[in-house]
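Comments concern the structure below.
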Amino acid sequence: MGERFFLTTAIDYVNGSPHLGHAYEKTLADALARYQRLCGRSVFFLSGVDEHGQKVQQSARALGLEPQDFCDRQSALFRSLWERLDISFDRFVRTTDPLHKEAVRSFLQNLKDRDLLRFEEHEGFYSLRQEQFVTEKDRVEGRWPEIFGEVVPMREPNYFFLLSRFGDRIRSEIESRPDWIIPEFRRNELLAALQRPLQELCISRPRSRLAWGIPLPFDEQYVTYVWFDALLNYVSFAENGDGQSWWPADLQIIGKDILVPAHGVYWPAILCALGLPLPRRLLVHGWWLNRGAKMSKSTGNAIDPLPYLERYGSEALRYFLLREMTLGNDADFSDEKLLRRYQSDLVNDLGNFAHRSLSMIARYREGRVPGWIDSQAGQAEKELASAFDEVAYRSAFDQGDTSTGLSVAWAFIGQANRYVDQAAPWRAARSPDSKERLDAILAALAETLRRIAVSIEPALPRSSRKLLLQLGISERPLLSGASFAPPRESYPVGVPEPLFPRIEG
Ligand code: MET
């Protein structure tokens, strides 16, 4: 087994339907998981859903369902959508899994035994939407920020995790890790938030008010606060069939709305309290906007990925999301942009190159790629051989920057298409003395197609596989094999079939 790589995504609340934003995060994680596999690492990709809390309980009630039945139904919806998008997770988290519940209870007991929990009456305000206590300090210009939804006064005894004890520790941990958060401006945002003194974190909810949660092991009158329960999924599910924990994660992928405080403050503090290491890196992505506005269940403007999946196919939707979003920023989704990317990048650049290469091999050499002879390579072939900037490709994907990584792959595809135009195999085919020249061109084309197939794998796994199979390759691709090394023996290729059908706008 080679080097290991453990990556996680946020786990989505099941009280809504999966929208494009969820689909993006899972696709981003998938592309990075596939990239790591392409580098030869053994990867554990963890993703799933968050099933407890008030909102889930309310949504279930509204439909007249038991929360568990509602969760079963919703989880299946998320899972099957991820399967359609070819999300290659290794384990699918559901926080109602008995294994997770037991793990959460034992973590809580551990904190209790170590005097890191305090029981006290708290009087203050409660945000129904965020399911947490808020304080006067959270008001902005005298008003509660919109993300809190309705805020009501509340007085209630609860268990508090002594978060404030860990403030200095997490601040210095984060300060000592300059690359901990991608992109960097988010790290500054977190460090600024950590300048303020931390409030203790209420980790319980009385059962009288909320029944749907994990009961505290030492007081069955209370259930666990949903965020505390959810964050622990990353360690409770960190086992990947080998009996060992893969924690710490090499990469945790989350949206910008759950860095402060959930993953940037609570999570490191919980890990410190449990004596566990921090994740190696956090990647914080922006949002897909619908005509400039955040997609959300409450505003009813969420974009459903399904119609796009149906119209363009999973490959095109994946490609679009990975290519169009500049890492860390927000991006605007539109049907026109998707169509444009589809036509230009997939149909014209990639599809066309694959099709013309394979059909010329079929037409001129009856589907056999001529064996490569070094001495036949001219300047054009040498340039083509070095046209893939693997260093730039790797450094982009290592940073989670799929958009730059794919633009490197597409620069290569562009160069490959220009090579065909310049080498003009059709001309060589007409002249009987150009047999060797034509052999060299066709061998270079097949080899270029193979290298392209390898480089697109993280974003376009199906197309990559189709192309490799057409080239007679059934092994799992590796990036170490992406350099120019055409076989010296002739070999047969499959009949070309279009990868991306034309779609009328
Ligand atoms: N369920 C949360 C959300 O959707 C994420 C939890 S990640 C531990 O925002």
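For the chain, the longest principal axis of the alpha carbon atoms and the long axis of helix 184-193 meet at an angle near 0°.
For the peptides 455-464, 86-95, what is the packing order when you average, over each peptide's residues, the other Cβ atoms within 10 Å and list the highest mean first? Working shown, then result.
Working: 455-464: 22.9, 86-95: 19.6.
Highest mean packing first, the order is 455-464, 86-95.
Kirkwood analysis of the Cα pair distances in the stretch 12-85 returns a hydrodynamic radius of 13.5 Å.
Three principal axis extents of the stretch 118-235 based on alpha-carbon atoms, in descending order, are 44, 38, 22 Å. Between Lys435 and Lys256, residue separation times 0.36 nm minus the direct Cα-Cα distance comes to 58.6 nm. Here the relative contact order of the stretch 381-438, from alpha carbon pairs under 8 Å that lie six or more residues apart, stands at 27 percent. The solvent-accessible area of Val495, taken with every protein chain present and a 1.4 Å probe, is close to 120 Å². Treating r as the C-beta distance of Asp179 and Arg143 and R0 as 35 Å, the FRET efficiency rounds to 0.40.
The separation of the stretch 147-169 from the stretch 316-382, counted between C-alpha centres, amounts to 52 Å. Rolling a 1.4 Å probe over the protein chains gives Asp72 an accessible area of about 70 Å². Label zone of Phe119 (point 7 Å out along Cα→Cβ, amide N under 14 Å): in the stretch 213-240 this covers 216-223. For the pair Ala392 and Leu469 in one chain, pulling the backbone fully straight at 0.36 nm per residue adds 25.0 nm over the alpha carbon distance. Global dimensions of the stretch 335-492 from alpha-carbon coordinates: Rg and Dmax equal 15.5, 50 Å.
Shape analysis of the stretch 401-471 yields a ratio of the Cα radius of gyration to the Kirkwood radius, Rg/Rh, of 1.08.
What is the list of residues in the stretch 322-351 whose amide nitrogen lies under 20 Å from a point 7 angstrom out from the Cα of Glu504, following Cα to Cβ? Label zone hits: 335-344, 347-348.
Could you tell me which GluC sites (Glu not before Pro) in the stretch 325-412 are loop residues by DSSP with no more than 11 other beta carbons within 10 angstrom of their beta carbon? If you can, show how the numbers build up before the last one.
Numbers: sites: Glu336, Glu366, Glu381, Glu383, Glu390; in loops: Glu366.
When the GluC sites (Glu not before Pro) of the stretch 325-412 are filtered for loop state and at most 11 Cβ neighbours within 10 Å, Glu366 remain.
In whole percents, the pair-distance distribution calculated for the chain from its alpha-carbon pairs, binned every 10 Å from zero, is 4, 17, 26, 22, 14, 9, 5, 2, 0, 0.
On a per residue basis, the stretch 335-492 carries 44 Å² of accessible surface, using protein heavy atoms and a 1.4 Å probe.
Given the Cα-Cα distance of Glu220 and Arg61 and 0.36 nm per residue of separation, how much length would full extension add, in nm? Walk me through the numbers before you get to the answer.
Values: separation 159, 0.36 × 159 = 57.24 nm, distance 2.25 nm.
This chain segment gains 55.0 nm when fully extended.
Only Cα pairs under 8 Å and 6+ residues apart enter the sum, and on that basis the relative contact order of the chain stands at 16 percent.
What the Cβ-Cβ distance of Arg84 and Ser296 gives, at R0 = 30 Å and to the nearest 0.05, is a FRET efficiency of 0.85. Computed over the stretch 335-492, relative contact order equals 32 percent, with contacts defined as Cα pairs under 8 Å that lie 6+ residues apart.
The values are calculated or read from the model by the stated rules, or taken from the named source; none is laboratory data. As the structure is a prediction and not an experimental result, all values here were calculated from the model. Counting neighbours? That spans all protein chains shown, and the Cβs are built from the backbone with ideal geometry, glycine included. The area values use the complete protein model at the heavy-atom level, side chains included, leaving out ligands, DNA and RNA. Shrake-Rupley method; radii C 1.70, N 1.55, O 1.52, S 1.80 Å.
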